[in-house]
1. Can you find a residue that is in the same structural domain as residue 443 (by TED's automatic domain parsing), in contact (Cβ under 8 Å) with a residue 12 or more places away in the chain, over 16 Å from residue 331 (Cα atoms) and in a helix (DSSP H, G or I) anywhere in segment 364-383?
2. Considering only segment 1-114, give the strands (runs of 3 or more DSSP E) lying wholly within it that have at least 2 residues that are touching a residue at least 12 places away in the same chain (Cβ under 8 Å) and either in contact with a helix residue (DSSP H, G or I) (Cβ under 8 Å, 6 or more places away or on another chain) or within 26 Å of residue 172 (Cα to Cα) (or both).
3. Could we say that residue 229 is free of Cβ contacts under 8 Å to residues at least 40 places away in the same chain, closer than 28 Å to residue 14 by Cβ and either part of a helix (DSSP H, G or I) or touching a helix residue (DSSP H, G or I) at 6+ places or on another chain (Cβ under 9 Å) (or both) here?
4. Residue 343 - would you say it is assigned by TED's automatic domain parsing to the domain that holds residue 428, under 17 Å from residue 454 (Cα atoms), surrounded by fewer than 18 Cβ atoms within 10 Å (Cβ to Cβ) and modelled with pLDDT of 85 or more?
5. Name the single residue, out of those in segment 123-138 being in a loop (DSSP other than H, G, I, E, B) and exposed (fewer than 15 other Cβ atoms within 10 Å of the Cβ), that is farthest from the chain's Cα centre (by Cα).
6. Of the residues in segment 129-188, how many are under 30 Å from residue 89 (Cα atoms) and without any contact (Cβ under 8 Å) to a residue 24 or more places away in the chain?
7. Please indicate, with yes or no, whether at least one residue in segment 267-282 is surrounded by 11 or more Cβ atoms within 10 Å (Cβ to Cβ), in a helix (DSSP H, G or I) and modelled with pLDDT under 75.
8. Tell me the residue from 239, 248 that is modelled with pLDDT of 80 or more, surrounded by fewer than 11 Cβ atoms within 10 Å (Cβ to Cβ) and more than 22 Å from residue 200 (Cβ to Cβ), please.
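The values are calculated or read from the model by the stated rules, or taken from the named source; none is laboratory data. Every value quoted in this text rests on a predicted model; they were computed, and no experiment measured them. Note that each Cβ is placed from the backbone with ideal geometry, even for glycine, and that neighbours are counted across all protein chains shown.
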């Protein structure tokens, strides 16, 4: 199977994308905040100078405006210094600072208030800030305010202008610092995320190395301690290895048992054929029946093991018992069958295997019993096991023989036909599904009691 991408690459791309998005959004927000703060501080400086101008202004007897104290910034006296002031009044010539030299500021307040834009109040409660490109190659930031000075009815517009070269340089420095800072921060976060991904996924590489070690060294378990997030995977893998090991061991054991079981009949046939024994045909018939019994027994086990490995089965016990009863009734029409108990109990066994288990037990009860067979489903319900009782009214089995009867080919009543493999197959198939089977004496019928315990679905 071709791998569907890389977990490390996928996690790295997601982490990188989120880091870039968050840094970009945070950088833009921080840049706007800092540049806004720089511009606000710049406007506060202009407002401070503007307030000082208004506080220092007075109206002369001739109607002109003058300062009774000199403004402290030396740049107002240097032509083209980038810091200017100007006072305009209705019917008065503009009064510029010496730094303007032969230039004049075109103020918005004079035009707006001439058109009545201020609602006829004649003054501003707060200064007005705006940008201006009236001077070639020297953008300006202007703060202006229109007031009425004491002793005069004239509306005077005071303005302070400053070249934006300084504030632009400050904003550029802020942006450059932010770009480099966020670039370094982004690279650091991406590198940290990649290292974290590599370190976080290292247990998976250790699992791969451990599996490779299993394959090359012959070990059968992963014993290396791993983080708790990976440990369940290792436990399931160890359980799968144990399951595969049990299946392989079962296969080896059954192959050996079958080979051992077939060895004696084959030896008998070989010796009889070599000696040209007069009863060769009888020996062939007898020994082939023995071999057929062994083959049937091991095939039944192999089918049960194969079906168990397919997946989790669910089989209704009552439905299987009813199907077996109908089949056995045709073989033993004189027997009386009674099935009681739960109709919804389900066990974790394939239907074919449950039919084979119940078929052997119910047929034995009908064959060797006295004519009555009772089947009780889910007797004494338990949490994880479903208990099934199969009783008959026959002579039963002595307690000393109840263990030996499960051996292959063991038979107590040789007068009736049979192979002696039924109970052996029942025991083997039940054990494959982690169940149990026990023999006892029926209290109600007096015959044999087979207590079958199977895992509940």
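1. No: segment 364-383 contains no residue that is in the same structural domain as residue 443 (by TED's automatic domain parsing), in contact (Cβ under 8 Å) with a residue 12 or more places away in the chain, over 16 Å from residue 331 (Cα atoms) and in a helix (DSSP H, G or I).
2. 83-89
3. Taking the combined requirement at face value, the residue satisfies it.
4. yes
5. For segment 123-138, the residue satisfying everything is 123.
6. Going through segment 129-188 one residue at a time, the tally reaches 5.
7. No.
8. 239
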